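Take a look at the structure set out below.
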Amino acid sequence: MTTPEATTDVSTAPLAPDVPMGFRERLRTVQQFHTGPGRFRDAGGPVTMVRLGPRRLVPAFAVVTSPEGAHDVLAASDGAFDKEMIVHVQNRTFGDNLFNLPHERWKPRRRTIQPVFTKKQVSTYAGHMAVAAQATATALTSAGAVDLDVEMRHMTLQVLGRSVLGLDLGERAEELGPPVNRMLRWNTSRSLRPVRAPLWLPTPARWRFRQALKAVHGVVDDAIDHAAESEDSGLIRLLQEAVDPVTGKPLSRAQIRDELIVFIIAGHDTTATTLSYTLWALGRDQALQDRVATEISSLGNRPLTIDDVSHLPLTVQVLHEALRLCPPAPAFGRLAMREVVVGGFRIPAGTNVVVGAYALHRDPALWDDPERFDPDRFSPERSAGRSRWQFLPFGAGPRSCVGDHFAMLEATLGVATIMRAARIEALDDDFPVSLPFTMTAGGPIRAQVTAR
């Protein structure tokens with residue numbers, strides 16, 4: 001693979017071709033974060049330009065859907081790409097955080113926060129995860145008919161409450177979900193508009209967004225205040241104690257609040273959807289579900305810990321397959337800060353670059369029978385020789401998700417605990433999706449649950 005740093009003469013590379021689509025088809029396709037990049041690839045190739053109007057009015061997009069191209073964009077560390085796309089700039093209305101900060105401001109923040117999310121540190125949250133998972137398993141078997149999406153959202157909010165905020169959210173967990181969803185939908189809707197009203201202009205949608213943000217701020221501020229009085233203060237205490245190893249500077253209260261908000265957003269929708277999709281998929285394949293339950297039963301009925309994960313290879317493979325077919329982040333965006341080469345093609349400076357993870361995960365040139373749910377494709381034998389850059393559930397490169405260990409531990413302990421206690425039968429053949437920001441369930445995920 002080439003990298004932007006290794007390219008000595010960008011001008012010798014051919015310009016990325018325009019996608020051969022009409023304007024209306026381009027506009028419809030670019031608004032589909034998940035399936036759109038795959039359609040552009042099928043029409044124009046693995047690196048293709050998508051123009052929606054004059055460059056002075058509407059910036060062009062380059063859509064990248066090959067492992068080589070993904071590497072060139074996401075692994076770049078020399079300033080060739082930055083998080084200056086409109087979706088990141090718009091997201092700063094939530095506050096500055098690891099997700100949206102431009103590179104130079106992101107580096108000290110990442111240095112400061114990274115130690116909080118090491119595997120060793122994340123292991124301390126396993127107890128909260130196991131307790132929430134066991135309570136969820138009990139509730140599922142008692143309820144019988146359930147909406148998996150609702151139940152998994154409740155579970156992940158409880159985990160976030162205890163692990164991230166240091167609070168037992170109780171009923172407040174139910175209050176937090178709607179405003180988070182409202183914030184994300186407003187952000188995405190505004191980002192997709194060719195023309196946006198200035199932020200100071202009062203509109204009904206902006207008022208609803210600000211009310212939602214105020215509600216989330218209220219929960220987070222209460223948690224920060226609580227941390228000063230409690231020894232069980234979760235992630236907040238760690239953030240308060242964290243310092244930049246280079247400058248020695250700690251995080252301010254405002255910076256801590258901004259990071260907690262993005263952790264809540266990322267840890268709520270994304271993990272809940274992964275759990276819902278995993279349980280739905282297992283609920284459609286009883287033989288596979290029995291294999292998973294048999295693997296877990298060997299560990300006994302005690303609460304599961306991080307040490308048990310190494311004994312659950314099939315469970316982890318099932319989660320990887322769920323993340324392949326339903327990646328929480330179906331695409332990753334960057335802005336080309338100068339003229340660069342991606343996947344062998346030249347991309348002009350100022351181009352919005354979209355790496356299609358969903359398209360990579362379902363590319364028949366990269367995966368056998370890509371639409372089939374087959375966890376065994378992630379076995380060591382079948383994974384040998386696979387490109388690191390064709391499976392991107394948490395991104396890749398220097399700006400990969402800082403909470404990936406947290407998310408995988410929560411999901412693994414959650415699925416294992418539920419499968420040990422419950423048998424699930426999915427009641428629908430389809431898993432509808434929605435894209436308020438990340439990819440989430442687009443409707444009820446109905447299932448019948450019985451005790452094992």
Of all residues in region 402-425, which are outside any helix (DSSP H, G or I) and in contact with a strand residue (DSSP E or B) (Cβ under 9 Å, 6 or more places away or on another chain)? Ala422, Arg423, Ile424, Glu425
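Just the residues that are on the phi > 0 side of the Ramachandran plot and either modelled with pLDDT of 85 or more or in contact with a Ser or Thr (Cβ under 7 Å, 6 or more places away or on another chain) (or both), please, taken from region 49-85.
Gly79
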If I ask for residues that are surrounded by 14 or more Cβ atoms within 10 Å (Cβ to Cβ) and of a type in the set (D, E, K, R), which ones from region 377-409 would you list? Arg377, Arg386, Arg399, Asp404
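Quick test for you: out of Leu366, Leu413, Leu427, pick the one residue that is of a type in the set (A, V, I, L, M) and either under 15 Å from the mean Cα position of the chain (by Cα) or crowded, with 20+ Cβ neighbours inside 10 Å (or both). Before you say what the answer is, go through the steps one by one.
Values: Leu366 fails: either under 15 Å from the mean Cα position of the chain (by Cα) or crowded, with 20+ Cβ neighbours inside 10 Å (or both); Leu427 fails: either under 15 Å from the mean Cα position of the chain (by Cα) or crowded, with 20+ Cβ neighbours inside 10 Å (or both).
Testing whether each residue is of a type in the set (A, V, I, L, M) and either under 15 Å from the mean Cα position of the chain (by Cα) or crowded, with 20+ Cβ neighbours inside 10 Å (or both) leaves just Leu413.
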Might you check whether a residue that is in contact with a Gly (Cβ under 6 Å, 6 or more places away or on another chain), more than 29 Å from Leu101 (Cβ to Cβ), modelled with pLDDT of 95 or more and of a type in the set (D, E, K, R) occurs anywhere in region 415-424? no
Can you find a residue in region 327-342 that is within 24 Å of Met129 (Cβ to Cβ) and of a type in the set (A, V, I, L, M)? yes
The one condition Asn187 fails out of (1) farther than 30 Å from Ile418 by Cβ; (2) modelled with pLDDT under 80; (3) outside any helix (DSSP H, G or I) is (3)
Could you please give the count of residues in region 212-250 that are assigned to a helix (DSSP H, G or I) and under 19 Å from Val262 (Cβ atoms)? 21
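Restricting to region 341-382, give me the number of residues that are of a type in the set (D, E, K, R) and farther than 18 Å from Thr278 by Cα. Lay out the reasoning, then the answer.
So the first thing to find is which residues in region 341-382 are of a type in the set (D, E, K, R), and the list is 346, 362-363, 368-369, 371-372, 374, 376-377, 381-382.
Restricting the remaining residues to those that are farther than 18 Å from Thr278 by Cα gives 346, 363, 368-369, 381-382.
Number of matching residues: 6.
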Pairs only if they're at least six apart or on different chains, beta carbon under 6 angstrom, first in region 108-129 and within 15 Å of Lys249 (Cα to Cα), second acidic (Asp, Glu); list them, first residue then second. Pro108/Asp244; Arg111/Asp244; Thr112/Asp244
Could you tell me which of the residues Val131, Val146 is modelled with pLDDT of 90 or more, outside any helix (DSSP H, G or I) and over 23 Å from the mean Cα position of the chain (by Cα)? Val146
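Can you find a residue in region 13-31 that is assigned to a loop (DSSP other than H, G, I, E, B) and either within 25 Å of the chain's Cα centre (by Cα) or modelled with pLDDT under 90 (or both)? Lay out the reasoning, then the answer.
So in region 13-31, the residues assigned to a loop (DSSP other than H, G, I, E, B) come out as 13-14, 16-17, 19-22, 31.
Narrowing further to those that are either within 25 Å of the chain's Cα centre (by Cα) or modelled with pLDDT under 90 (or both): 31.
Yes, because at least one residue in region 13-31 is assigned to a loop (DSSP other than H, G, I, E, B) and either within 25 Å of the chain's Cα centre (by Cα) or modelled with pLDDT under 90 (or both).
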Can you tell me which residue is farthest from Gln448 (Cα to Cα) among those in region 273-297 that are of a type outside the set (A, V, I, L, M), at pLDDT 95 or above and more than 26 Å from the chain's Cα centre (by Cα)? Glu295
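The values are calculated or read from the model by the stated rules, or taken from the named source; none is laboratory data. Note that the structure is a prediction, hence the values are computed from the model and not measured. Note that each Cβ is placed from the backbone with ideal geometry, even for glycine, and that neighbours are counted across all protein chains shown.
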